[in-house]
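Step one of this worksheet: look at the structure below.
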Amino acid sequence: MGLLSFIKEAGEKLLGHADAQAAEDPNAANQTAADAIKNYISTQGIDTSNLTVAFDGASRTVTLSGSVGDLDTKAKVKVAAGNVQGVAGVNDDGLQPDDQEVQYHDVKSGDTLSAIAKEVYGDANKYPVIFEANKPMLSSPDKIYPGQKLVIPPQS
């Protein structure tokens, strides 16, 4: 799919901005950030044994490579990596399998999963479909925030 953009001011606070910018060795800072992001993905219940995560502090971009089991897992890996404060983009060109059909939604102020479901599927009562596609990153249908990127599964 290529580069997926994120709002770098939104998301989980894993990266110490001052530490990363003040580090004398940018390669070490980038590796520390990549390790933190991979660990965060793993805490979401996703197998990261075949996943490689790299971080470029200058462009604030995460690069994912390797393989994950299926398209649903790939989408979750991408949003988990991107929904980290300080990450502006996720490049998944090296990550398998290919995912041409996955859609995403950028949460805006005032959005609810019901409103997003109505916009995407025409039925607000289909919000559990979006919630399930974004678990375990979402712990509750009410816990979304502006700037977050959500996976929108195809309509069944």
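We did not get these values from a lab; they are worked out from the coordinates using the rules stated. Source: prediction; values computed, not measured. Heads up, the Cβs are rebuilt from the backbone with ideal geometry, glycines too, and the neighbour counts pull from every protein chain shown.
Couple of notes before you dig in:
- Under 5 Å, built H, 5+ apart or other chain: amide partners of LEU14: GLN85
- Loop-located trypsin sites (Lys or Arg not before Pro) in the stretch 61-156 (DSSP state other than H, G, I, E, B) with a sparse environment of at most 12 neighbouring Cβ atoms within 10 Å: LYS108, LYS143.
- Ranked by how many other Cβ atoms sit within 10 Å of their own Cβ, fewest first, the residues PHE131, PHE6 fall in the order PHE131, PHE6.
- Oblate is the label for the stretch 43-112, because the ratio a/c of its alpha-carbon gyration tensor axes (a ≥ b ≥ c) is 1.5 or higher and a/b is not greater than b/c.
- Between ASN39 and THR112, the modelled labels are 3.7 nm apart [label points 7 Å from Cα along Cα→Cβ].
- Taking other C-beta atoms within 10 Å as the exposure proxy, ASP70, ASP56 rank ASP70, ASP56 from fewest upward.
- Entry note, the stretch 103-152: relative contact order of 52 percent, from Cα contacts under 8 Å with a spacing of 6+ residues.
- Candidate values [x] 33, 18, 15; [y] 21, 17, 16; [z] 27, 17, 12 were compared with semi-axes √(5λ) of the Cα gyration tensor in Å computed on the shown model; the agreeing label is [z].
- 10 Å Cβ shell holding at most 13 others, DSSP loop, GluC sites (Glu not before Pro): longest site-free stretch of the chain: 25-100
- Net charge of neighbours whose Cβ lies under 14 Å from the Cβ of ILE130, counting Lys and Arg as +1 and Asp and Glu as -1: -1
- Positive contributions from Lys and Arg (+1) and negative ones from Asp and Glu (-1), summed over other residues with Cβ under 13 Å from the Cβ of ALA10, come out at +1.
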